[in-house]
Amino acid sequence: MSALGPTSPRRVTLVASLLLAVCLLSSVLLLGRLDQLRQGATLEEVLYISSPQLLKRLSLGYNGLLADIYWTRAVQYFGGKHHANAQHYALLAPLLEITTALDPQLTVAYEFGSNFLAPQPPGGAGMPQRAIELTEFGIRNNPDDWHLYYDLGFIYYMDVKDYAKAAHAFARGAQVPQAHPFLKLLAAQMATHAGELETARMLWTDTYQTSQDANVRANALAHLEALRVDEDVSNLEALAALYRRNAGQFPTKFSELERAGLLHGTPVDPLGLPYRLMPEGQIEVRDPDHLPFIEKGLPPGYVPPKVPKFLPAD
(Lines give C-alpha, C1' and ligand atoms only; values in the text may rest on other atoms or scores of the structure.)
Protein backbone atom coordinates (compact mmCIF):
# COMPACT_ATOMS: atom_id res chain seq x y z
CA MET A 1 0.00 0.00 0.00
CA SER A 2 2.90 2.32 0.78
CA ALA A 3 4.18 1.91 -2.79
CA LEU A 4 0.80 2.87 -4.30
CA GLY A 5 -0.01 5.77 -1.98
CA PRO A 6 2.50 8.38 -3.18
CA THR A 7 2.30 7.21 -6.81
CA SER A 8 -1.48 7.49 -7.30
CA PRO A 9 -1.77 11.26 -6.66
CA ARG A 10 1.16 11.89 -9.00
CA ARG A 11 -0.58 9.90 -11.74
CA VAL A 12 -3.78 11.88 -11.26
CA THR A 13 -1.86 15.14 -11.41
CA LEU A 14 0.00 14.03 -14.53
CA VAL A 15 -3.18 12.92 -16.33
CA ALA A 16 -4.99 16.14 -15.36
CA SER A 17 -2.08 18.22 -16.57
CA LEU A 18 -2.04 16.39 -19.89
CA LEU A 19 -5.78 16.86 -20.34
CA LEU A 20 -5.49 20.55 -19.51
CA ALA A 21 -2.66 20.94 -22.00
CA VAL A 22 -4.73 19.22 -24.70
CA CYS A 23 -7.70 21.49 -24.00
CA LEU A 24 -5.55 24.60 -24.10
CA LEU A 25 -3.92 23.46 -27.33
CA SER A 26 -7.34 22.74 -28.85
CA SER A 27 -8.55 26.19 -27.88
CA VAL A 28 -5.47 27.83 -29.39
CA LEU A 29 -5.88 25.84 -32.62
CA LEU A 30 -9.60 26.63 -32.82
CA LEU A 31 -9.05 30.33 -32.24
CA GLY A 32 -6.30 30.30 -34.82
CA ARG A 33 -8.66 28.61 -37.27
CA LEU A 34 -11.38 31.17 -36.51
CA ASP A 35 -8.89 33.94 -37.13
CA GLN A 36 -8.04 32.39 -40.50
CA LEU A 37 -11.73 32.31 -41.37
CA ARG A 38 -12.01 36.00 -40.49
CA GLN A 39 -9.08 36.85 -42.70
CA GLY A 40 -10.41 35.27 -45.85
CA ALA A 41 -11.02 31.54 -45.92
CA THR A 42 -13.53 30.71 -48.64
CA LEU A 43 -17.20 30.48 -47.88
CA GLU A 44 -17.29 26.85 -48.98
CA GLU A 45 -14.72 25.97 -46.31
CA VAL A 46 -16.87 27.60 -43.65
CA LEU A 47 -19.88 25.56 -44.74
CA TYR A 48 -18.05 22.25 -44.61
CA ILE A 49 -19.36 22.19 -41.03
CA SER A 50 -22.95 23.29 -41.34
CA SER A 51 -24.41 21.79 -38.17
CA PRO A 52 -24.86 24.38 -35.39
CA GLN A 53 -24.88 21.62 -32.79
CA LEU A 54 -21.51 20.30 -33.94
CA LEU A 55 -20.10 23.80 -34.18
CA LYS A 56 -21.23 24.54 -30.63
CA ARG A 57 -19.30 21.51 -29.36
CA LEU A 58 -16.20 22.46 -31.32
CA SER A 59 -16.31 26.09 -30.21
CA LEU A 60 -15.51 25.19 -26.56
CA GLY A 61 -17.94 27.84 -25.37
CA TYR A 62 -17.10 30.49 -27.96
CA ASN A 63 -20.59 30.33 -29.53
CA GLY A 64 -20.90 34.09 -29.74
CA LEU A 65 -17.56 34.47 -31.46
CA LEU A 66 -18.40 31.78 -33.97
CA ALA A 67 -21.81 33.38 -34.60
CA ASP A 68 -20.03 36.66 -35.36
CA ILE A 69 -17.84 34.82 -37.89
CA TYR A 70 -20.85 33.32 -39.66
CA TRP A 71 -22.71 36.64 -39.59
CA THR A 72 -19.69 38.36 -41.15
CA ARG A 73 -19.57 35.73 -43.86
CA ALA A 74 -23.31 36.05 -44.49
CA VAL A 75 -22.95 39.81 -44.99
CA GLN A 76 -19.94 39.30 -47.28
CA TYR A 77 -21.75 36.61 -49.23
CA PHE A 78 -24.85 38.74 -49.73
CA GLY A 79 -22.80 41.81 -50.60
CA GLY A 80 -20.82 39.94 -53.23
CA LYS A 81 -23.90 38.39 -54.79
CA HIS A 82 -25.83 41.65 -54.72
CA HIS A 83 -22.95 43.52 -56.34
CA ALA A 84 -22.87 40.90 -59.11
CA ASN A 85 -26.67 41.15 -59.64
CA ALA A 86 -26.93 37.44 -58.85
CA GLN A 87 -30.19 35.55 -59.24
CA HIS A 88 -29.37 32.76 -56.78
CA TYR A 89 -28.33 33.02 -53.14
CA ALA A 90 -28.23 29.34 -52.24
CA LEU A 91 -25.97 29.68 -49.18
CA LEU A 92 -27.54 32.80 -47.65
CA ALA A 93 -30.32 31.13 -45.67
CA PRO A 94 -28.05 28.37 -44.27
CA LEU A 95 -25.49 30.97 -43.17
CA LEU A 96 -28.15 33.03 -41.38
CA GLU A 97 -29.74 29.98 -39.77
CA ILE A 98 -26.36 28.79 -38.47
CA THR A 99 -25.59 32.29 -37.18
CA THR A 100 -28.80 32.60 -35.21
CA ALA A 101 -28.68 29.01 -33.94
CA LEU A 102 -25.23 29.71 -32.50
CA ASP A 103 -26.39 32.99 -30.96
CA PRO A 104 -30.20 33.31 -30.81
CA GLN A 105 -29.87 36.78 -29.25
CA LEU A 106 -27.92 38.25 -32.19
CA THR A 107 -30.89 40.39 -33.25
CA VAL A 108 -29.03 42.22 -35.99
CA ALA A 109 -28.89 38.93 -37.92
CA TYR A 110 -32.69 38.69 -37.88
CA GLU A 111 -33.34 42.32 -38.76
CA PHE A 112 -30.88 42.60 -41.64
CA GLY A 113 -30.95 38.92 -42.57
CA SER A 114 -34.69 38.99 -43.27
CA ASN A 115 -34.15 42.03 -45.50
CA PHE A 116 -31.47 40.09 -47.38
CA LEU A 117 -33.69 37.03 -47.83
CA ALA A 118 -37.15 38.38 -48.64
CA PRO A 119 -36.90 40.71 -51.70
CA GLN A 120 -36.81 39.25 -55.18
CA PRO A 121 -33.43 39.11 -57.01
CA PRO A 122 -31.32 41.05 -57.62
CA GLY A 123 -32.44 43.07 -54.60
CA GLY A 124 -32.46 40.01 -52.40
CA ALA A 125 -32.58 36.24 -52.36
CA GLY A 126 -36.28 35.96 -53.22
CA MET A 127 -36.93 33.69 -50.23
CA PRO A 128 -39.70 35.38 -48.22
CA GLN A 129 -40.75 32.14 -46.54
CA ARG A 130 -37.20 31.57 -45.25
CA ALA A 131 -37.19 35.19 -44.08
CA ILE A 132 -40.45 34.58 -42.20
CA GLU A 133 -39.06 31.43 -40.59
CA LEU A 134 -35.87 33.25 -39.57
CA THR A 135 -37.82 36.13 -38.04
CA GLU A 136 -40.25 33.84 -36.21
CA PHE A 137 -37.22 32.02 -34.74
CA GLY A 138 -35.93 35.40 -33.62
CA ILE A 139 -39.27 36.26 -32.01
CA ARG A 140 -39.34 32.96 -30.12
CA ASN A 141 -35.91 33.72 -28.69
CA ASN A 142 -36.44 37.47 -28.23
CA PRO A 143 -40.17 37.85 -27.57
CA ASP A 144 -39.86 41.36 -26.10
CA ASP A 145 -38.12 42.92 -29.12
CA TRP A 146 -40.88 44.75 -31.01
CA HIS A 147 -38.57 45.43 -33.98
CA LEU A 148 -38.79 41.76 -34.98
CA TYR A 149 -42.60 41.89 -35.18
CA TYR A 150 -42.26 45.00 -37.33
CA ASP A 151 -39.84 43.16 -39.63
CA LEU A 152 -42.24 40.22 -39.87
CA GLY A 153 -45.20 42.45 -40.73
CA PHE A 154 -43.10 44.26 -43.31
CA ILE A 155 -42.23 40.96 -45.03
CA TYR A 156 -45.89 39.96 -45.20
CA TYR A 157 -46.82 43.42 -46.50
CA MET A 158 -44.08 44.08 -49.03
CA ASP A 159 -42.94 40.65 -50.20
CA VAL A 160 -45.87 38.27 -49.63
CA LYS A 161 -48.71 40.78 -50.12
CA ASP A 162 -50.67 39.09 -47.35
CA TYR A 163 -52.21 42.06 -45.58
CA ALA A 164 -54.14 39.99 -43.04
CA LYS A 165 -50.97 38.30 -41.79
CA ALA A 166 -49.16 41.64 -41.84
CA ALA A 167 -51.91 43.07 -39.64
CA HIS A 168 -51.58 40.12 -37.27
CA ALA A 169 -47.79 40.52 -37.03
CA PHE A 170 -48.04 44.25 -36.31
CA ALA A 171 -50.80 43.65 -33.76
CA ARG A 172 -48.65 41.06 -31.98
CA GLY A 173 -45.81 43.55 -31.82
CA ALA A 174 -48.08 46.27 -30.48
CA GLN A 175 -48.69 44.11 -27.39
CA VAL A 176 -44.99 44.00 -26.49
CA PRO A 177 -44.00 46.25 -23.56
CA GLN A 178 -42.41 49.50 -24.76
CA ALA A 179 -43.46 48.82 -28.37
CA HIS A 180 -43.61 51.83 -30.65
CA PRO A 181 -47.20 53.17 -30.87
CA PHE A 182 -46.91 53.19 -34.67
CA LEU A 183 -47.37 49.40 -34.68
CA LYS A 184 -51.03 49.86 -33.76
CA LEU A 185 -51.52 52.15 -36.73
CA LEU A 186 -49.78 49.73 -39.07
CA ALA A 187 -51.92 46.85 -37.81
CA ALA A 188 -55.10 48.85 -38.44
CA GLN A 189 -53.97 49.96 -41.90
CA MET A 190 -53.11 46.39 -42.93
CA ALA A 191 -56.47 45.10 -41.68
CA THR A 192 -58.14 47.78 -43.80
CA HIS A 193 -56.15 46.72 -46.88
CA ALA A 194 -57.08 43.11 -46.20
CA GLY A 195 -60.77 44.00 -46.24
CA GLU A 196 -61.16 42.92 -42.62
CA LEU A 197 -63.39 45.85 -41.74
CA GLU A 198 -64.39 44.71 -38.28
CA THR A 199 -60.78 44.04 -37.29
CA ALA A 200 -59.72 47.39 -38.74
CA ARG A 201 -62.53 49.17 -36.93
CA MET A 202 -61.57 47.54 -33.64
CA LEU A 203 -57.89 48.48 -34.05
CA TRP A 204 -58.60 52.07 -35.09
CA THR A 205 -61.08 52.46 -32.23
CA ASP A 206 -58.52 51.14 -29.77
CA THR A 207 -55.94 53.56 -31.14
CA TYR A 208 -58.37 56.48 -30.85
CA GLN A 209 -59.35 55.60 -27.29
CA THR A 210 -55.88 54.85 -25.90
CA SER A 211 -53.60 57.38 -27.60
CA GLN A 212 -52.73 60.62 -25.82
CA ASP A 213 -51.41 62.19 -29.03
CA ALA A 214 -53.90 64.55 -30.69
CA ASN A 215 -52.53 63.87 -34.18
CA VAL A 216 -52.75 60.11 -33.75
CA ARG A 217 -56.32 60.44 -32.50
CA ALA A 218 -57.27 62.63 -35.48
CA ASN A 219 -55.69 60.10 -37.84
CA ALA A 220 -57.56 57.22 -36.23
CA LEU A 221 -60.86 59.11 -36.41
CA ALA A 222 -60.34 59.87 -40.11
CA HIS A 223 -59.74 56.17 -40.79
CA LEU A 224 -62.84 55.21 -38.83
CA GLU A 225 -64.88 57.64 -40.95
CA ALA A 226 -63.36 56.14 -44.11
CA LEU A 227 -64.31 52.63 -42.97
CA ARG A 228 -67.88 53.79 -42.45
CA VAL A 229 -68.01 55.33 -45.94
CA ASP A 230 -66.58 52.21 -47.60
CA GLU A 231 -69.13 50.05 -45.81
CA ASP A 232 -72.02 52.43 -46.60
CA VAL A 233 -71.12 52.56 -50.29
CA SER A 234 -70.91 48.77 -50.56
CA ASN A 235 -74.27 48.30 -48.83
CA LEU A 236 -76.06 51.02 -50.83
CA GLU A 237 -74.73 49.75 -54.17
CA ALA A 238 -75.89 46.25 -53.22
CA LEU A 239 -79.37 47.63 -52.52
CA ALA A 240 -79.39 49.44 -55.89
CA ALA A 241 -78.45 46.17 -57.63
CA LEU A 242 -81.22 44.34 -55.76
CA TYR A 243 -83.72 47.00 -56.78
CA ARG A 244 -82.70 46.58 -60.42
CA ARG A 245 -83.22 42.82 -60.25
CA ASN A 246 -86.74 43.37 -58.94
CA ALA A 247 -87.78 46.44 -60.97
CA GLY A 248 -85.74 45.97 -64.13
CA GLN A 249 -83.89 49.28 -63.77
CA PHE A 250 -81.69 51.13 -61.29
CA PRO A 251 -83.34 53.56 -58.87
CA THR A 252 -82.96 57.24 -59.72
CA LYS A 253 -83.28 58.46 -56.13
CA PHE A 254 -83.14 57.03 -52.63
CA SER A 255 -86.88 57.55 -52.12
CA GLU A 256 -87.50 54.73 -54.60
CA LEU A 257 -85.47 52.40 -52.38
CA GLU A 258 -87.57 53.60 -49.43
CA ARG A 259 -90.85 52.84 -51.21
CA ALA A 260 -89.50 49.39 -52.06
CA GLY A 261 -88.85 48.79 -48.36
CA LEU A 262 -85.09 48.53 -48.87
CA LEU A 263 -84.06 51.71 -47.08
CA HIS A 264 -85.16 54.02 -44.27
CA GLY A 265 -84.43 57.69 -44.86
CA THR A 266 -81.76 59.37 -46.94
CA PRO A 267 -78.30 58.01 -46.08
CA VAL A 268 -75.62 60.55 -45.18
CA ASP A 269 -71.84 60.29 -44.89
CA PRO A 270 -69.80 61.06 -41.72
CA LEU A 271 -69.74 64.74 -42.72
CA GLY A 272 -73.55 64.82 -42.62
CA LEU A 273 -73.85 65.17 -46.41
CA PRO A 274 -76.27 62.95 -48.39
CA TYR A 275 -74.65 60.38 -50.64
CA ARG A 276 -75.15 60.76 -54.39
CA LEU A 277 -77.03 57.98 -56.22
CA MET A 278 -75.68 57.80 -59.77
CA PRO A 279 -77.58 56.51 -62.86
CA GLU A 280 -75.89 53.10 -62.96
CA GLY A 281 -76.38 52.42 -59.27
CA GLN A 282 -73.01 53.76 -58.13
CA ILE A 283 -72.76 55.72 -54.89
CA GLU A 284 -70.54 58.78 -54.56
CA VAL A 285 -69.62 61.13 -51.72
CA ARG A 286 -70.07 64.87 -52.18
CA ASP A 287 -66.88 66.11 -50.50
CA PRO A 288 -64.11 63.53 -50.95
CA ASP A 289 -61.40 66.05 -50.01
CA HIS A 290 -62.57 65.89 -46.39
CA LEU A 291 -62.73 62.10 -46.33
CA PRO A 292 -59.07 61.45 -47.17
CA PHE A 293 -58.80 57.70 -46.57
CA ILE A 294 -61.89 56.41 -48.35
CA GLU A 295 -61.43 53.79 -51.06
CA LYS A 296 -65.01 53.69 -52.31
CA GLY A 297 -67.51 56.38 -53.34
CA LEU A 298 -64.96 58.50 -55.20
CA PRO A 299 -66.16 60.36 -58.33
CA PRO A 300 -64.59 59.07 -61.58
CA GLY A 301 -61.28 60.78 -62.34
CA TYR A 302 -61.01 62.21 -58.86
CA VAL A 303 -57.41 62.97 -57.85
CA PRO A 304 -57.08 63.10 -54.08
CA PRO A 305 -54.79 65.67 -52.46
CA LYS A 306 -51.63 64.43 -50.85
CA VAL A 307 -52.47 63.34 -47.33
CA PRO A 308 -49.88 62.87 -44.58
CA LYS A 309 -49.92 59.57 -42.72
CA PHE A 310 -50.88 61.53 -39.61
CA LEU A 311 -53.53 64.18 -40.03
CA PRO A 312 -52.81 67.24 -37.90
CA ALA A 313 -55.34 67.83 -35.17
CA ASP A 314 -57.57 70.88 -35.47
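The values are calculated or read from the model by the stated rules, or taken from the named source; none is laboratory data. All of these numbers come straight from a predicted model, not from anything done at the bench. Positions of Cβ are backbone-derived with ideal geometry, glycine not excepted, and every protein chain shown enters the neighbour counts. For the accessible areas, the whole protein counts, side chains as well, though only heavy atoms, and no ligand, DNA or RNA atoms are used. Shrake-Rupley method; radii C 1.70, N 1.55, O 1.52, S 1.80 Å.
Computed values, structure above
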quantity: Candidate set: region 156-182, residues that are among the aliphatic types (A, V, I, L, M) and in contact with a Lys or Arg (Cβ under 9 Å, 6 or more places away or on another chain); chosen: the one surrounded by the most Cβ atoms within 10 Å (Cβ to Cβ); calculated: Ala174
quantity: Test: Thr252 is open to solvent by 20 Å² or more (accessible area, probe 1.4 Å), touching a Leu at 6+ places or on another chain (Cβ under 9 Å) and farther than 27 Å from Ala187 by Cβ; calculated: yes
quantity: Subset tally (residues that are of a type in the set (Gly, Ala, Ser) and open to solvent by 60 Å² or more (accessible area, probe 1.4 Å)) for region 219-246; calculated: 0
quantity: Count of residues meeting criterion [open to solvent by 10 Å² or more (accessible area, probe 1.4 Å), farther than 16 Å from Asp159 by Cβ and part of a helix (DSSP H, G or I)] in region 103-138; calculated: 3
quantity: Within region 272-289, considering residues that are assigned to a loop (DSSP other than H, G, I, E, B) and either open to solvent by 70 Å² or more (accessible area, probe 1.4 Å) or hydroxyl-bearing (Ser, Thr, Tyr) (or both), the one farthest from Lys253 (Cα to Cα); calculated: Arg286
quantity: Every residue from region 290-301 that is open to solvent by 70 Å² or more (accessible area, probe 1.4 Å) and assigned to a loop (DSSP other than H, G, I, E, B); calculated: Glu295, Lys296, Pro300, Gly301
quantity: Considering residues of region 44-67 that are open to solvent by less than 60 Å² (accessible area, probe 1.4 Å), within 12 Å of Ile98 (Cβ to Cβ) and in a helix (DSSP H, G or I) only, the residue modelled with the highest pLDDT; calculated: Ala67
quantity: Residues located in region 193-218, provided they are touching a residue at least 60 places away in the same chain (Cβ under 8 Å), open to solvent by less than 60 Å² (accessible area, probe 1.4 Å) and in contact with a helix residue (DSSP H, G or I) (Cβ under 7 Å, 6 or more places away or on another chain); calculated: Val216
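Residues checked against (1) at pLDDT 95 or above; (2) in contact with a Phe, Trp or Tyr (Cβ under 6 Å, 6 or more places away or on another chain); (3) closer than 22 Å to Ala67 by Cα:
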site	(1), (2), (3)
Pro121	no, no, no
Pro128	yes, no, no
Ala131	yes, no, yes
Glu136	yes, no, yes
Arg140	yes, no, yes
Asp144	yes, no, yes
